[in-house]
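The block underneath contains the structure these notes are about, expressed in structure tokens.
The values are calculated or read from the model by the stated rules, or taken from the named source; none is laboratory data. Since we're looking at a predicted model, the values are computed, not measured. Virtual Cβ from ideal backbone geometry, glycine too; neighbours counted across all protein chains shown.
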Amino acid sequence: MKLKFPGLVLLLVLNCGSASADSLGIELSGDQPNGALPLWELRFAGYGRYGESYPAATDSQTNIVPLPFPIYRGKFLRIGDETEKPVRTRIFRRDRIKIDLDFGLNFPVDSDDVDARTGMPDLDLLAEAGPELELQFNRQVFGGDAFFALQARGAVSIDGLNPDWRGMVFSTEFKHKLPLGNARTELLTRLTPEFASRDYMGFFYDVDAAYATAGRPAYRAESGYLGTRLSFVLKHEFSDTVEVRTGIRFGFYSGAANDNSPLFTKETTNGFFAAVLWKFWESKRRSQD
């Protein structure tokens with residue numbers, strides 16, 4: 001098992017704010033007046049993931065990120081209150097329509113750990129950001145709230161302080177939130193077909209002539225269909241201070257635009273993750289929600 005620390009560094013950068021908890025008005029957690037959630041929380045999280053090294057890869061990797069981090073529930077910016085989207089914004093909201101910023105993250109890959117990439121350069125941390133339009137269905141579906149979203153994200157790879165542009169990824173997303181038994185347990189389901197530009201595809205699937213071998217011919221990726229992700233996330237609050245989130249994620253890549261690349265090695269993948277969060281501080285000030 002190998003620890004991947006660049007992802008931890010990025011998360012720490014995103015979480016940087018004021019110099020101290022006292023300057024944010026944060027104190028020991030207590031009762032929440034009127035049911036409103038705290039504007040700020042400080043939690044300690046242990047996050048572990050096991051899944052594909054990159055889209056359509058046979059090889060998998062483990063990423064572990066233990067760190068303290070804040071949760072912020074502002075009017076326009078939300079940090080840390082959703083597992084799969086740690087940073088969200090609220091640019092425009094009207095009834096069941098909202099426009100936000102959407103973020104994505106792909107952990108770095110050591111090519112020596114991936115048979116198909118042996119001898120090739122490593123894949124750096126890939127960070128994505130862009131606008132999202134989300135529509136909520138008027139009626140509940142299967143007992144829960146249903147949403148449809150359109151997303152467009154620009155991507156940059158990060159190696160130290162030198163980001164490189166890696167193109168665009170476009171997706172449509174169907175999301176379903178279902179409460180289970182009580183208010184402390186929720187099942188979140190996401191179905192996300194994705195399409196990407198040539199530069200984005202090339203980050204994962206290009207094989208330059210310098211790295212071509214008898215079993216790995218040179219290849220230039222093309223734009224088009226990347227694949228479809230299906231994920232199930234179960235969130236359970238054991239108490240006001242302890243929360244556990246577990247999930248499973250599938251990747252379906254049959255018919256993808258670059259299935260002829262020698263780095264495209266598996267049509268169906270799966271992965272797992274778990275996170276334990278312990279809240280030890282919260283602010284007196286409440287969120288407007």
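Figures for the structure shown
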| item | result |
| --- | --- |
| Counted residues, segment 230-253 - those being over 20 Å from residue 171 (Cα atoms) and either part of a strand (DSSP E or B) or touching a residue at least 40 places away in the same chain (Cβ under 8 Å) (or both) | 13 |
| Contacts under 6 angstrom Cβ, first residue in segment 187-205 being free of Cβ contacts under 8 Å to residues at least 40 places away in the same chain and buried (at least 21 other Cβ atoms within 10 Å of the Cβ), partner in a helix (DSSP H, G or I) and not aliphatic (A, V, I, L, M), 6 or more apart | none |
| Verdict on residue 245 being under 13 Å from residue 55 (Cα atoms), touching a strand residue (DSSP E or B) at 6+ places or on another chain (Cβ under 6 Å) and crowded, with 19+ Cβ neighbours inside 10 Å | no |
| Test: residue in segment 63-72 that is surrounded by 17 or more Cβ atoms within 10 Å (Cβ to Cβ) and closer than 30 Å to residue 254 by Cβ | yes |
| Residue under evaluation residue 183, criteria (1) assigned to a loop (DSSP other than H, G, I, E, B); (2) at pLDDT 90 or above; (3) of a type in the set (A, V, I, L, M), criterion not met | (2) |
| Spans of strands (runs of 3 or more DSSP E) in segment 73-170 with at least 3 residues at pLDDT below 90 and surrounded by fewer than 17 Cβ atoms within 10 Å (Cβ to Cβ) | 92-94 |
| Selection status of residue 271, closer than 24 Å to residue 167 by Cα and modelled with pLDDT of 90 or more | no |
| Selected residue [under 22 Å from the mean Cα position of the chain (by Cα) and among the polar types (S, T, N, Q)] from 231, 287 | 231 |
